[in-house]
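For reference, the structure discussed in these notes is given below.
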Amino acid sequence: MTAVFLGYTPGNEGWESKGRSDMQVAIHAGALFTDEGRLIKALQANAALLGQRNVSFWGPRRYRQIFAPALNAAQDAQSDADALTRFLALPSRGAEAERSIVSDPSFIGEKLSVIEDGQLYRQAGQRVAHLDRLMGGRPVELFLGLRNLGTFLPKVLMWLPEADRHDVLNSTDLSCLSWLSMIEDIRELAPDVKVTLWSSEDSPLIWGEILRAVTGMPDDRPMAGEFDFLSSLVSDIGKHQIQKLLEQDGAQRGEGFYDDLVRIFQQHALPDEIEEDVNLPGWSDDIVAAFTELYEQDLTRIQSMSDIRFLKP
């Protein structure tokens, strides 16, 4: 990517970009505890292919250097212009970036503010809207994995310092928390941002679809390591069956292909890999079951939203 100069005049509401204005910007924003750096590793494994397609990608370090100051500080046109200048001046892995990907779960909220004022990611809509404005009219897409609150909330709460955890538990009705309010805020405040969601629990089965969606690759384009996530969760017999299925089906991956993947996963998943201990005192199986039911209801509603793309097996 070539260097970019932004002309800025104090007192104006915006600025004029002298760089490429049609570059696509893809933001992978977690959520927290849904990725653990897996996407960046997958993009690195496909770096040569992405470079050929003029796709660049950046991880949390670049987010902290460029976007975090603009999103966390007082919003002013000069700081936004500076952030955009630094972003557009990043070196590209291709001749000139046509699509730039940034991955960090802090995009929709810092870790300490995941649960705030009785909401999940209360500032998510404002932050996405601010980012959209910062990008100066370039197409922006948001990618986000959701997770069952029955396992998500205890991980968040146990990560918090003890005093903060007690504050949240004393001031928040956890049963009222939902992904829906966050998504509705994003849709309302950033209507031009295209939103792609998926259930984190489905990620091993649709990892290739997630990679292609984030990178903008064609639906039928194989990508390196797209079945590694699933293979890491099953026994040796399961790994063998996945490899055999890939050799048989090749690029023909219709509905039956994913049905077979689900079957292999259900039959050969390793309990130690897929079962997660919940360490929050008092958080029982009944509570997890109640949140699971609410989560499934929310997913049904989210999938019915016409302006949301939802990836699923």
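Here Gly225 passes the criteria (1) at positive phi; (2) touching a Lys or Arg at 6+ places or on another chain (Cβ under 7 Å) except the one numbered (2). For region 269-307, a residue qualifies if it is among the small types (Gly, Ala, Ser) and surrounded by 10 or more Cβ atoms within 10 Å (Cβ to Cβ), and the qualifying residues are Ala269, Ser284, Ala289, Ala290.
Tell me whether region 53-69 contains one or more residues that are of a type in the set (Val, Ile, Thr), under 19 Å from Phe33 (Cα atoms) and open to solvent by less than 10 Å² (accessible area, probe 1.4 Å).
No.
The set of residues in region 208-255 that are under 27 Å from the mean Cα position of the chain (by Cα) and farther than 23 Å from Leu39 by Cα comprises Gly254, Glu255. The set of residues in region 98-130 that are open to solvent by 50 Å² or more (accessible area, probe 1.4 Å) and at positive phi contains only Asp117. Considering (1) farther than 25 Å from Asn54 by Cβ; (2) modelled with pLDDT of 90 or more, the lone condition that Phe257 does not fulfil carries the number (2). Comparison of Ser100, Ser56 shows that the only residue that is in contact with a helix residue (DSSP H, G or I) (Cβ under 8 Å, 6 or more places away or on another chain), outside any helix (DSSP H, G or I), farther than 30 Å from Leu180 by Cβ and at pLDDT 90 or above is Ser56. Annotation note: of Ile242, Ile206, the sole residue that is in contact with a Ser or Thr (Cβ under 7 Å, 6 or more places away or on another chain), of a type in the set (A, V, I, L, M) and open to solvent by less than 10 Å² (accessible area, probe 1.4 Å) is Ile242. Going through region 210-235 one residue at a time, which ones are farther than 19 Å from His28 by Cα, in contact with a Leu (Cβ under 7 Å, 6 or more places away or on another chain) and small (Gly, Ala, Ser)? Within region 210-235, Ser235 is the sole residue that qualifies. Using the structure shown, decide if Ser284 is within 21 Å of the chain's Cα centre (by Cα) and of a type in the set (Gly, Ala, Ser). In short, no.
The values are calculated or read from the model by the stated rules, or taken from the named source; none is laboratory data. This structure is a prediction, so every number in the text was calculated from the model and none was measured. Note: ideal-geometry Cβ built from the backbone for every residue, glycine included; neighbour counts use all protein chains shown. Surface areas here come from the heavy atoms of the whole protein model, side chains and all, with no ligands, DNA or RNA. Shrake-Rupley method; radii C 1.70, N 1.55, O 1.52, S 1.80 Å.
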